[in-house]
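Participant: I am attaching a structure below and will ask some questions about it afterwards.
The values are calculated or read from the model by the stated rules, or taken from the named source; none is laboratory data. Keep in mind it's a predicted model, so treat the numbers as computed, not measured. A quick note on method: Cβ atoms are made from the backbone with ideal geometry, for glycine too, and the neighbour counts reach across all protein chains shown.
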Amino acid sequence: MPHHIGVVAPPFPSHFRALQALADVLVGRGHRVTFLHQQEAARWLDSPQVAFHAVGRISHPPGALARTLRLAAQPGGPLGLRRLIADMSDTTDMLCRELPRALDELGIDALLCDQMEAAGGLVAEASGRPFVSVACALPVNREPGLPLPVMPFAYGRSEQYERVYAGSERTYDLLMAKHRRTVARHAARFGLSSRSGLHECLSPYAQISQTIAGLELPRRELPAHFHHVGPLRPTAPSPWEMASRLSPDKPVVFASLGTLQGHRLALFRRIVRACSTLDVQLLVAHCGGLDRRQEERLRREGAARVTSFFPQRAVLSRADAVITHGGLNTVMDALLARTPMLVLPLAFDQPGVATRVQHAGVGLRASPRFEGHRALSAKLAKLLEHTSFAAALSRLGDEVEAAGGTPRAADIVEEALRS
């Protein structure tokens with residue numbers, strides 16, 4: 001039976017791209033799919049077969065998303081972080097107020113809900129619609145003895161580690177107080193059970209994650225309806241005609257800081273300097289964050305190629321190492337390509353991703369703030385020269401290939417809707 005499926009997600013490009021890939025497969029199977037968010041978020045969709053419906057026209061006028069993205073990319077200290085959390089809270093409030101009417105008017109009968117936006121699960125549950133939770137970032141499912149993804153802690157099982165994790169969880173909940181109050185208020189207004197955290201707004205039908213079990217820290221309490229499916233991507237990767245122009249005699253290093261962090265010229269310059277002592281071919285993707293003058297500066301200082309975007313999966317299949325901010329999309333693509341990673345976590349769940357990369361033995365972690373070019377160069381040399389990462393990369397790469405990806409995620413969605 002075909003369904004009209006609504007998609008509710010944070011208005012970030014990486015989240016929209018992953019969910020669009022899943023939406024395209026569902027449309028190909030006869031369903032209709034409509035994304036719902038503030039009008040400016042429509043820019044992240046480029047599929048002609050996926051619809052978009054704008055909400056929040058008064059509370060989130062043109063310019064509101066740009067401010068949120070600036071804050072997300074660089075909060076700038078405690079005050080900026082408070083403003084970002086306030087923006088998140090305002091967005092959840094708007095969606096909780098406006099989604100119920102929009103879903104009824106559009107005839108949407110099921111929802112795909114990104115774990116990072118509580119409104120989707122709240123509205124779906126309140127309206128009796130089936131919904132599937134999707135973790136485009138690291139899963140928010142909490143578990144005693146594990147650090148939250150946003151916390152920069154190594155993994156350990158001792159009592160000391162567990163005390164640190166519990167204390168940091170309390171600190172996080174205090175920082176998120178405004179957002180938690182918004183979730184609690186709408187849960188009460190909808191007549192739902194008491195709740196306030198993102199982890200309390202997840203689907204009882206099916207939960208899908210872009211991760212694989214082999215990358216995760218040891219978990220014991222995931223629900224039976226939680227599924228690791230690997231990266232949500234279009235089925236056919238983009239070709240890369242420039243691969244033949246690279247020298248076969250020099251290692252290739254790919255550097256990307258993602259769509260929100262690509263403006264960090266100083267960090268890119270440090271990366272270029274770190275690579276310049278290793279005689280490698282450095283490819284830099286800044287995702288539109290740099291202008292032409294800044295691109296040329298990086299080339300003059302030693303980068304082989306600098307551009308907004310490369311076809312990432314194709315480049316990673318050619319690269320000998322990748323320097324990344326720890327965005328989950330890049331990390332999963334690197335695992336699929338069996339490419340070792342140097343992770344410089346900057347924000348969001350990236351500290352948790354870096355912890356998992358190091359724990360799994362598929363890369364190294366470095367501080368984007370406190371480690372200079374010599375330290376970065378030494379760690380990159382270790383990735384390029386040592387074979388100790390190969391076995392773990394091979395094992396996890398095989399696991400990504402077997403996870404099923406977008407087609408399996410679509411199977412899980414359809415099964416949840418049938419049942």
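Participant: In the stretch 25-44, what residues are in contact with a strand residue (DSSP E or B) (Cβ under 9 Å, 6 or more places away or on another chain), touching a residue at least 24 places away in the same chain (Cβ under 8 Å) and either surrounded by fewer than 19 Cβ atoms within 10 Å (Cβ to Cβ) or of a type in the set (G, A, S) (or both)?
Facilitator: Once the filter is applied, which keeps residues that are in contact with a strand residue (DSSP E or B) (Cβ under 9 Å, 6 or more places away or on another chain), touching a residue at least 24 places away in the same chain (Cβ under 8 Å) and either surrounded by fewer than 19 Cβ atoms within 10 Å (Cβ to Cβ) or of a type in the set (G, A, S) (or both), the stretch 25-44 yields T34, A41.
Participant: Return the only residue of L198, L215, L232 being crowded, with 22+ Cβ neighbours inside 10 Å, over 30 Å from L99 (Cβ atoms), modelled with pLDDT of 95 or more and not small (G, A, S).
Facilitator: On the way: L198 fails: over 30 Å from L99 (Cβ atoms); L232 fails: over 30 Å from L99 (Cβ atoms).
The conditions single out L215.
Participant: Take the residues in the stretch 1-19 that are assigned to a helix (DSSP H, G or I) and in contact with a strand residue (DSSP E or B) (Cβ under 8 Å, 6 or more places away or on another chain); name whichever of them is farthest from G120 (Cα to Cα).
Facilitator: Only one residue fits best here, namely A18.
Participant: How do the strands (runs of 3 or more DSSP E) wholly within the stretch 276-370 filter down when requiring 3 or more residues that are touching a Gly at 6+ places or on another chain (Cβ under 7 Å) and either at pLDDT below 95 or crowded, with 22+ Cβ neighbours inside 10 Å (or both): which remain?
Facilitator: Filter on the stretch 276-370 gives 341-343.
Participant: Quick check, is L22 in contact with a Leu (Cβ under 6 Å, 6 or more places away or on another chain) and under 26 Å from L138 (Cβ atoms)?
Facilitator: Values: in contact with a Leu (Cβ under 6 Å, 6 or more places away or on another chain): yes; under 26 Å from L138 (Cβ atoms): yes.
So L22 fits the description; yes.
Participant: On to the next question. If I ask for residues that are in contact (Cβ under 8 Å) with a residue 12 or more places away in the chain and assigned to a helix (DSSP H, G or I), which ones from the stretch 49-81 would you list?
Facilitator: Matches in the stretch 49-81: A64, L65, A66, R67, T68, L69, L71, A72, A73, L81.
Participant: For the stretch 1-40, give me each residue that is out of contact with any Gly (no Cβ under 9 Å at 6 or more places or on another chain) and aromatic (F, W, Y).
Facilitator: Matches in the stretch 1-40: F12, F16.
Participant: Report, by residue number, each residue of the stretch 16-32 that is β-branched (V, I, T) and closer than 27 Å to G258 by Cα.
Facilitator: V25
Participant: Kindly check whether there is at least one residue in the stretch 237-244 that is under 30 Å from A416 (Cα atoms) and not acidic (D, E).
Facilitator: Yes.
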